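Remarks on the structure that follows.
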Amino acid sequence: MDFELTDQQKMIKKVVSDFAEKEVEPIAAEIDETCEFPYENVEKMGEAHMLGIPVPQEYGGAGADTLSYAITVEELSKACGTHGIICSAHTSLACDPLVKYGTKEQKEKYLKPLAKGELLGAYALTEPNAGTDAASQKTTAKLDGDEYVLNGNKIFITNAGAADVFIVFAMTDKSKGTRGISGFIVEADTPGFTLGKKEDKMGINASDTRELIFDDCRVPKENLLGEEGKGFKIAMGTLDGGRIGVAAQALGIAQRALDETVQYVKEREQFNRAISKFQNTQFKIAEMETKIQAARSLVYQAAFAKDQGGSFSKEAAMAKYYASDVAMEVTREAIQLHGGYGYMKEYPIERLFRDAKITEIYEGTTEVQKMVIGGSLLR
Amino acid sequence: MDIVVCVKQVPDTNEVKIDPEEGTLIREGVPSIINPEDKNGIEEALKLKEEFGGTVTVLSMGPPQAEKALKEALAMGADEAILLSDKAFAGSDTLATSYILSCAIEQLDDFDMIFCGRQAIDGDTAQVGSQIAENLGIPQVTYVEDVKVEDNTVEVKRRLEDGYSVLETSLPVLLTVLGEVNEPRYPSIKGIVDAHSGETEVKKWGANKLGDVDQSKFGLSGSPTQVHDTFVPTHEKKAEILSGTPEEKAHKLIDKLKEEKVVSK
Ligand SMILES: Cc1cc2nc3c(=O)[nH]c(=O)nc-3n(C[C@H](O)[C@H](O)[C@H](O)COP(=O)(O)OP(=O)(O)OC[C@H]3O[C@@H](n4cnc5c(N)ncnc54)[C@H](O)[C@@H]3O)c2cc1C
Ligand SMILES: Cc1cc2nc3c(=O)[nH]c(=O)nc-3n(C[C@H](O)[C@H](O)[C@H](O)COP(=O)(O)OP(=O)(O)OC[C@H]3O[C@@H](n4cnc5c(N)ncnc54)[C@H](O)[C@@H]3O)c2cc1C
């Protein structure tokens with residue numbers, strides 16, 4: 001067993017970390033304030049092949065492993081959680097199901113430009129009344145001639161305002177329950193498909209989250225993803241992969257909060273000494289570091305497990321559950337150790353705290369992860 | 001347009017710490033990077049290749065670890081990378097280094113341009129580029145901050161201390177570039193994968209690959225530079241108050257200045 005990254009993974013980490021430092025960090029606080037989607041950086045990420053890292057090269061990707069992808073999301077999220085999730089939602093939730101279930105034509109038409117970063121992807125499962133209970137989909141898709149006609153609403157969709165291609169789930173046969181759900185590839189400019197207004201959020205502010213509205217939206221039959229009725233399985237399998245990305249995002253946020261804190265406590269003086277001299281500070285730092293390392297082990301292990309080809313649902317769920325929990329705890333303690341300064345927008349800590357919270361919610365809440373983990377043991 | 005870029009692997013000086021006792025750089029555990037201005041050289045070469053077609057060959061003399069720098073250059077988009085590594089090259093000063101690099105360049109097919117960085121952030125001499133051009137007998141322009149190629153001529157903007165000059169030269173030419181010349185692209189993740197999977201490869205050349213050349217000009221024997229001592233200059237502030245009448249003080253001051261060789265006798 002070897003815990004060293006390979007030379008390839010090390011170089012990828014270094015390049016992404018340079019990118020994050022030079023391109024992402026300088027705008028992170030600003031886009032948090034303005035909520036502007038970072039189009040320019042996303043284009044640069046595409047050029048550097050950061051938007052299709054684990055996609056095989058024959059489909060336009062970089063052909064690296066899932067761990068390299070996780071490291072990328074981690075490094076981006078150290079600078080800005082929004083950049084982390086843009087990369088993650090695109091890669092795990094839009095590219096990955098196309099790799100796994102896309103036809104040759106769909107791969108050519110959609111996966112290639114997505115993996116090269118020429119197009120941006122999104123994933124739409126959640127509805128107003130189908131959150132954790134994703135199976136109770138109300139959006140319908142009826143076959144009419146050579147087209148499926150989609151009707152219904154999706155909410156809280158990441159990348160929505162910037163995406164070109166959406167993976168959308170809808171009921172093709174209500175009577176069959178989860179076996180009546182199917183997946184579709186929907187282009188942004190399809191008539192009958194419109195976007196709601198940008199959501200005003202607590203964190204990851206620049207990630208463009210919106211409602212999708214389908215009103216007699218006609219999608220060509222060829223854009224059915226996988227078989228009819230297999231949509232729920234595709235949706236859930238896809239989220240397993242996405243959870244590795246979200247866990248990596250949480251990890252990056254936590255690591256940054258710790259890095260900031262280590263520096264701060266050495267500089268801040270109270271009672272004529274650096275606050276790092278107080279044992280409470282040292283113990284807090286020790287707890288943060290240990291938990292972050294433990295989270296990293298789970299995240300990297302889940303990424304490794306995905307590439308082994310078998311089931312990795314439990315590993316991904318544990319990584320997301322634990323890393324998101326650590327991100328919340330570490331950012332909370334980081335603010336505490338910064339005192340009042342940590343509460344001010346002048347320091348990045350309060351943004352990290354706000355950005356951390358989402359990692360406990362999307363792509364399955366913490367409770368859902370526990371259901372997956374518990375379920376796998378108690379089956 | 002066939003272009004050669006000389007790159008040097010250097011310690012990341014942002015990460016280098018100085019041994020407070022010895023006053024020397026602690027190189028151990030310090031990550032190595034491509035000399036920053038050499039990255040600008042690679043970028044300029046890639047841009048010209050994109051405009052005019054051709055190939056970009058990256059060349060480095062260094063220990064086996066320098067392969068990493070060349071893999072990064074491949075990941076940026078270079079077509080070919082050659083690592084010049086041999087025991088015979090060890091201990092080369094700038095004269096020997098540029099001789100070895102020149103010998104290697106002569107083994108390549110024709111080239112139209114050679115890019116070097118202005119200077120390496122560790123050795124700092126800024127000699128290697130110029131010496132290569134002299135060895136090859138081609139024109140050179142140093143301190144380049146802008147390059148325009150048209151037909152068979154190159155127009156370059158050369159930075160001066162108080163301005164710049166615009167020069168035109170024919171090909172082939174060697175240019176040493178400044179950081180201002182461009183913004184180097186990031187190595188692509190796909191390029192990194194290719195460089196590590198064997199899709200693209202760093203060729204390794206030893207002394208025997210350099211043809212029938214004077215091997216005594218390699219390494220220590222080809223290096224006239226003698227390093228007697230390296231030290232970090234200390235900045236001491238000493239103040240001395242001179243006493244006496246104004247006339248006495250003036251004489252004392254003149255003597256001091258002579259003593260310190262600030263003024264001559
Ligand atoms: C910023 C943001 C971006 C998002 N991006 C996307 C996206 O790109 N695509 C997409 O499809 N969706 C997206 N979502 C939706 C997200 O996945 C859901 O919000 C999430 O799954 C929770 O669903 P819900 O909001 O309906 O909460 P609910 O399901 O109503 O959950 C409320 C609470 O009840 C708990 N709960 C529910 N059921 C159970 C149970 N059986 N046992 C125990 N506890 C339970 C939950 O854990 C939670 O604590 C996004 C959401 C946000 C906020
Ligand atoms: C006084 C002195 C003594 C030295 N003694 C030794 C010694 O005993 N042993 C030893 O190993 N080294 C020694 N060196 C270091 C060695 O000379 C340098 O590696 C080499 O000469 C480059 O010089 P520089 O770093 O000043 O590069 P510069 O001349 O500043 O570099 C300018 C440009 O030339 C190109 N270039 C420079 N070096 C290389 C290279 N190796 N491969 C490809 N392109 C290159 C790059 O494009 C670079 O940007 C010594 C250097 C000095 C100054």
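FYI, it's all coordinate maths here, none of it is from the lab. Since we're looking at a predicted model, the values are computed, not measured. Every residue, glycine among them, receives a Cβ derived from its backbone with ideal geometry; neighbour counts consider all protein chains shown.
Details
- Count of region A:58-80 residues which are within 25 Å of A:LEU352 (Cα to Cα) and part of a loop (DSSP other than H, G, I, E, B): 1
- Against the list (1) free of Cβ contacts under 8 Å to residues at least 40 places away in the same chain; (2) not in a helix (DSSP H, G or I), the condition A:ASN205 fails is (1).
- The condition of being touching a residue at least 24 places away in the same chain (Cβ under 8 Å), part of a loop (DSSP other than H, G, I, E, B) and within 14 Å of chain B (Cβ to nearest Cβ) holds for A:VAL55.
- A:ASP215 vs. criteria out of contact with any strand residue (DSSP E or B) (no Cβ under 8 Å at 6 or more places or on another chain) and either more than 16 Å from ligand 2 (Cβ to nearest atom) or touching a residue at least 24 places away in the same chain (Cβ under 8 Å) (or both): no
- Reported count of residues in region B:49-71, each being in contact with a His (Cβ under 9 Å, 6 or more places away or on another chain) and part of a loop (DSSP other than H, G, I, E, B), is 0.
- Checked against the criterion of being aromatic (Phe, Trp, Tyr) and assigned to a helix (DSSP H, G or I), region A:91-112 has at least one qualifying residue.
- Test: A:GLU199 is in contact with a Pro (Cβ under 9 Å, 6 or more places away or on another chain) and surrounded by fewer than 24 Cβ atoms within 10 Å (Cβ to Cβ): no
- Flag if A:MET171 is among the aliphatic types (A, V, I, L, M) and touching a Ser or Thr at 6+ places or on another chain (Cβ under 6 Å): yes
- Verdict on B:SER32 being hydroxyl-bearing (Ser, Thr, Tyr) and either touching a strand residue (DSSP E or B) at 6+ places or on another chain (Cβ under 7 Å) or over 30 Å from B:VAL232 (Cα atoms) (or both): yes
- Scanning region A:29-45 for residues that are within 10 Å of chain B (Cβ to nearest Cβ) and under 20 Å from A:LEU93 (Cα atoms) gives a single hit, A:MET45.
- Count - residues of region B:140-180 that are of a type outside the set (Ser, Thr, Tyr), assigned to a strand (DSSP E or B) and touching a strand residue (DSSP E or B) at 6+ places or on another chain (Cβ under 9 Å): 22
- Region B:36-61, residues that are away from chain A (no Cβ under 14 Å) and surrounded by fewer than 20 Cβ atoms within 10 Å (Cβ to Cβ): B:LYS49, B:GLU51, B:PHE52, B:GLY53, B:GLY54, B:THR55
- Any hit, region B:72-81, residues being within 14 Å of chain A (Cβ to nearest Cβ), more than 16 Å from ligand 1 (Cβ to nearest atom) and part of a loop (DSSP other than H, G, I, E, B): yes
- Residue check for B:LYS87: more than 14 Å from chain A (Cβ to nearest Cβ), away from ligand 1 (no atom under 16 Å from the Cβ), surrounded by fewer than 17 Cβ atoms within 10 Å (Cβ to Cβ) and of a type outside the set (Ser, Thr, Tyr): yes
- Residue check: A:GLU25 meets all listed conditions (1) within 17 Å of the chain's Cα centre (by Cα); (2) farther than 19 Å from A:ASP307 by Cβ; (3) outside any loop (DSSP other than H, G, I, E, B) but one, namely (1).
- Residue count, region A:349-379 (criterion: within 21 Å of the chain's Cα centre (by Cα) and over 22 Å from A:ALA286 (Cβ atoms)): 21
- Flag if A:PRO97 is in contact (Cβ under 8 Å) with a residue 40 or more places away in the chain, within 21 Å of A:ALA316 (Cβ to Cβ) and within 14 Å of chain B (Cβ to nearest Cβ): no
- Of the set (1) within 30 Å of B:ARG27 (Cβ to Cβ); (2) in contact with a Gly (Cβ under 9 Å, 6 or more places away or on another chain), all apply to B:GLY123 but (2).
- Among the residues making up region A:1-28, a single one is at the interface with another protein chain (Cβ under 10 Å from one of its Cβ atoms) and among the aromatic types (Phe, Trp, Tyr): A:PHE19.
- Answer residue from region A:128-156, given it is over 22 Å from A:GLU360 (Cα atoms) and touching a Ser or Thr at 6+ places or on another chain (Cβ under 6 Å) and is surrounded by the most Cβ atoms within 10 Å (Cβ to Cβ) among those: A:ALA141
- Among the residues of region B:7-48, the ones that are in contact with an Asp or Glu (Cβ under 8 Å, 6 or more places away or on another chain), away from ligand 2 (no atom under 14 Å from the Cβ) and outside any loop (DSSP other than H, G, I, E, B) come to 1 in all.
- Residues of region B:171-196 that are farther than 15 Å from B:ALA81 by Cα and within 14 Å of chain A (Cβ to nearest Cβ): B:GLY179, B:GLU183, B:PRO184, B:ARG185, B:TYR186, B:SER188, B:ILE189, B:LYS190, B:VAL193.
- Neighbours by Cβ (under 7 Å, 6+ apart or cross-chain): first from region A:149-164, away from chain B (no Cβ under 14 Å); second near ligand 1 (Cβ under 7 Å from one of its atoms) and assigned to a helix (DSSP H, G or I): A:THR158/A:ALA89; A:ASN159/A:ALA89
- Among residues of region A:120-140 that are under 14 Å from A:VAL168 (Cα atoms), those with a beta-carbon under 6 Å from a residue that is of a type in the set (Phe, Trp, Tyr) at least six positions away or on a different chain give the pairs A:ALA122/A:PHE166; A:ALA124/A:PHE166; A:LEU125/A:PHE169; A:THR126/A:PHE156.
- Options A:GLN106, A:GLN137: the member that is more than 18 Å from the chain's Cα centre (by Cα) and within 13 Å of ligand 1 (Cβ to nearest atom): A:GLN137
- Scanning region B:91-129 for residues that are more than 7 Å from ligand 2 (Cβ to nearest atom) and out of contact with any helix residue (DSSP H, G or I) (no Cβ under 8 Å at 6 or more places or on another chain) gives B:LEU108, B:ASP109, B:ASP110, B:ASP112.
- Pairs are defined by a Cβ separation below 6 Å, a sequence spacing of at least 6 or placement on different chains, a first member in region B:91-116 that is more than 14 Å from every other protein chain (Cβ to nearest Cβ) and more than 22 Å from B:LEU48 (Cα to Cα), and a second member that is within 16 Å of ligand 1 (Cβ to nearest atom) and in a helix (DSSP H, G or I); no pair meets this definition.
- Number of positions in region A:167-180 that are in contact with a Phe, Trp or Tyr (Cβ under 7 Å, 6 or more places away or on another chain) and assigned to a strand (DSSP E or B): 3
Quick grid of which residues meet (1) part of a helix (DSSP H, G or I); (2) buried (at least 21 other Cβ atoms within 10 Å of the Cβ):
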| residue | (1), (2) |
| --- | --- |
| A:SER182 | no, yes |
| A:ASP189 | no, no |
| A:ASP215 | no, no |
| A:VAL219 | no, yes |
| A:GLY229 | no, no |
| A:ALA235 | yes, yes |
| A:ALA247 | yes, yes |
| A:ARG256 | yes, yes |
| A:THR261 | yes, yes |
